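*Asks:* First the structure, then my questions, so here it is.
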Amino acid sequence: MSDPKTELSYILNHLGEDRETYFNAVVPPLVQTSNFAFQTVDAFAEAIADESTSIIYSRGNNPTVMQLNTKLAALEGTDTAITLASGSAAIATAVISQVKKGDHVVCIQHPYTWTFRLLDQLLGRFGVSYTLVDGRDLAQVEEAINDQTKLIFLESPNSMMMELQDLEAIAVLAKKHGIVTAIDNSYATALVQKPIAMGIDLVIYSATKYLAGHSDLVAGVICGPKHLMKDIFTGDFLTLGACISPFNAWLLLRSLRTLPLRIERSSRSVVEVIAFLEQHPAVEQVLFPFSEQSPQLELARKQMRMPMGLFSILLKTKEPHQIEAFCEKLQYFLMAVSWGGHESLVFPALAVRKAHPEAEIPVNLLRFYVGLEEPAVLIADLEAAFHILAD
Ligand SMILES: *Cc1c(COP(=O)(O)O)cnc(C)c1O
């Protein structure tokens, strides 16, 4: 029998919750404080000796944040989680913690925008170089490794083009070369893809997306084994200071209660929406890991437990006026960045191309997110927008 302490229901409803210490309240209190007082100099000194476990000051630890971290680490099947002010803060803190001047990072092509900025602009200023590779091709990852490579950064699937990487194969390759691996797992969450179990070292989230799930907060997470996480905590995390607020941590605890329900709903609905889009004559291509037409379907089935709500399509038309009319006709798919909340979304690459004409993203690409609405409502919304293209 499996250990009940690792069961999802136990983690989400009980783990880390000491109800008898707070009036048996079902919902944990929000410990909205920056500072913690000590009775004796010795107790104070002991706390200062290891800030990764003690509670001194809320830039480091805070009881509400620690309750959240306990659950997040357990969901991931690892020792430790740190929550931060944003997904970008989590990515920056984790990457910076692994490199110094002269080092090299291998990163998958088409990473999240601000991951690319971190490598290209910020770390470039401090003498860290990088190579982007097509992560679908293991040979490219291996070829990009050199003696200075300290980190392989993955995002599977990546959040615009939906390209997967074979996590087990890359973990084996990295271990052979003594290189740390990190993955942005925001797309799948730990409920659907478990990178630690596949040999990846650090798992990073934009908790703004599925983990928070209500489009009402921005947060990030780094998860991993103690031997890496303790240094990240006492080193770069405390120094960079991008901690989460206790209130946002409290909201995230609320969000985790319904995470399985929300992603199962999003997952079931997206399959219906994809089936509609795949047969539609105005659609050139669907970019979706679980599409029957995806060349990576087998890998998706191997390393992801179910489909998730984010995907892209290429429209047949590249005519900006048509694309604009299509997007502006949609009523239920709100036009916006981000994803993972209750509301369905559309993000036209055209908006990026208009703002940055040099951007290489295909002008006819639309990224969709399927939220919690009824799939029939979403399909009807798409149908009405497609009528505009036919006019
Ligand atoms: C949104 C996002 C991020 C950045 O997270 P923030 O919480 O917005 O800072 C990183 N990676 C992916 C895949 C994302 O979608």
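*Asks:* Counting only other residues whose beta carbon sits under 12 Å from that of ASN158, what net charge do I get with K and R as +1, D and E as -1? Spell out each step's value before the answer.
*Replies:* Values: positive: ARG136, ARG367; negative: ASP134, GLU155, GLU163, ASP184.
Cβ neighbours under 12 Å give a net charge of -2.
*Asks:* How tilted is helix 375-390 with respect to the longest principal axis of the chain? Cα atoms for both, answer in degrees (0 to 90, nearest 10).
*Replies:* 40
*Asks:* Can you find, among SER88, SER312, ILE183, the residue sitting farthest towards the positive end of the charge dipole of the chain, where Lys and Arg contribute +1 and Asp and Glu -1 at Cβ?
*Replies:* The listed residue farthest towards the positive side: SER88.
*Asks:* Follow-up. Out of the chymotrypsin sites (Phe, Trp or Tyr not before Pro) in the range 1-76, which ones are loop residues according to DSSP with at most 11 other C-beta atoms within 10 Å? Numbers along the way, then the final one.
*Replies:* Values: sites: TYR10, TYR22, PHE23, PHE36, PHE38, PHE44, TYR57; in loops: PHE23, PHE36, PHE38.
In loop regions of the range 1-76 (DSSP not H, G, I, E or B), the sparsely surrounded chymotrypsin sites (Phe, Trp or Tyr not before Pro) are PHE23.
*Asks:* A follow-up question, please. Would you pull out the residues with amide H under 5 Å of GLU284's amide H, same chain only if 5 or more places away, H placed 1.01 Å from N?
*Replies:* Amide H neighbours of GLU284, under 5 Å, 5+ apart: LEU314, LEU315, LYS316.
*Asks:* Roughly what would the spin-label model give for GLN293 and GLU358, points 7 Å off Cα along C-beta, in nm?
*Replies:* It is 3.3 nm.
*Asks:* Given 10 Å bins starting at zero, what is the percent of C-alpha pairs of the chain in each, up to the one with the largest pair distance?
*Replies:* Bin by bin from 0 Å, the calculated values are 5, 22, 31, 25, 13, 4, 1, 0.
*Asks:* Quick check for you: with a 1.4 Å probe and neighbouring chains kept, what is the accessible area per residue of the chain, in Å²? Intermediate values should be presented prior to the final figure.
*Replies:* Numbers: 17630 Å² over 391 residues.
That works out to 45 Å² per residue.
*Asks:* Which GluC sites (Glu not before Pro) in the range 1-107 pass both tests, a DSSP loop state and at most 14 other beta-carbon atoms within 10 Å?
*Replies:* Values: sites: GLU7, GLU17, GLU20, GLU46, GLU51, GLU76; in loops: GLU7, GLU17, GLU51.
Answer in residue order: GLU7.
*Asks:* Suppose a student asked you for the relative contact order of the range 305-376, using Cα pairs under 8 Å spaced at least 6 residues apart; what percent would you report?
*Replies:* Values: 109 pairs, mean separation 28.0, N = 72.
It rounds to 39 percent for the range 305-376.
*Asks:* So, one more: Using only Cα atoms, locate the centre of the range 19-72 and the centre of the range 174-224, then give the distance between them in Å, rounded to an integer.
*Replies:* That distance is 25 Å.
*Asks:* Leaving out ligands, DNA and RNA, what percent of the accessible area of the range 260-391 is carbon and sulfur, probe 1.4 Å? Don't jump to the answer; show the numbers that get you there.
*Replies:* On the way: 3480 of 6320 Å².
Here carbon and sulfur together make up 55 percent of the probe-accessible area.
*Asks:* Please give the length that would be gained between LYS100 and ARG125 if that part of the chain were fully extended, namely 0.36 nm times their separation in residues minus their C-alpha to C-alpha distance (nm, one decimal). Write down the numbers at each step before the final one.
*Replies:* On the way: separation 25, 0.36 × 25 = 9.00 nm, distance 1.15 nm.
Answer, rounded to one decimal: 7.9 nm.
*Asks:* What accessible surface, in Å², does a 1.4 Å probe find on TYR112, ignoring ligands, DNA and RNA and rounding to the nearest 10?
*Replies:* 80
*Asks:* At a threshold of 8 angstrom on Cα-Cα distance, excluding pairs fewer than six apart, so keeping six or more, what relative contact order does the range 74-145 reach in percent? All intermediate terms of the calculation are to be shown ahead of the outcome.
*Replies:* Values: 61 pairs, mean separation 21.8, N = 72.
30 percent.
*Asks:* Heavy atoms of the protein only, probe of 1.4 Å, neighbouring chains included. What is the accessible area of THR40 in Å², nearest 10?
*Replies:* Surface open to solvent at THR40 totals about 70 Å².
*Asks:* Ordering ARG367, ARG257, ARG136 from largest to smallest accessible area (1.4 angstrom probe), what's the sequence? The partial results should precede the final answer.
*Replies:* On the way: ARG367 20, ARG257 70, ARG136 125 Å².
Output order, biggest surface exposure first: ARG136, ARG257, ARG367.
*Asks:* Enter the angle in degrees (range 0 to 90, nearest 10) between the Cα long axis of helix 63-76 and the first principal axis of the Cα atoms of the chain, meaning the one along which they spread out most.
*Replies:* Roughly 60 degrees, rounded to the nearest 10.
*Asks:* Next up: Relative to the compact-globule scaling 2.2 N^0.38 Å, provide the ratio for the alpha-carbon radius of gyration of the range 204-316. Working shown, then result.
*Replies:* Values: Rg = 18.3 Å, N = 113, 2.2 N^0.38 = 13.3 Å.
Normalised Rg, Cα atoms only: 1.38.
*Asks:* Also: Tell me the relative contact order for the range 152-205 as a rounded percent, counting alpha carbon contacts under 8 Å between residues six or more apart.
*Replies:* Details: 79 pairs, mean separation 20.5, N = 54.
Answer for the range 152-205 is 38 percent.
*Asks:* Test of understanding: extend the Cα→C-beta vector of ALA25 to 7 Å, then name every residue of the range 64-84 with backbone N under 12 Å from that spot.
*Replies:* Once the point is set 7 Å along Cα→Cβ of ALA25, 64 turn out to lie under 12 Å by backbone N, inside the range 64-84.
*Asks:* My understanding is that a pair violates if its Cα-Cα distance is over 19 Å; which of LYS318/LYS354; LYS209/LYS329; LYS209/LYS316; LYS101/LYS150 do that in this structure?
*Replies:* Working: LYS318/LYS354 13 Å; LYS209/LYS329 25 Å; LYS209/LYS316 29 Å; LYS101/LYS150 11 Å.
In this structure, LYS209/LYS329; LYS209/LYS316 lie more than 19 Å apart at Cα.
The values are calculated or read from the model by the stated rules, or taken from the named source; none is laboratory data. Keep in mind the model is a prediction, meaning the values are calculated, not measured. When we count neighbours, we look across all protein chains shown, and the Cβ atoms used for this are built from the backbone with ideal geometry, even at glycine. Ligands, DNA and RNA are excluded from the accessible area calculation, which covers all protein heavy atoms including side chains. Shrake-Rupley method; radii C 1.70, N 1.55, O 1.52, S 1.80 Å.
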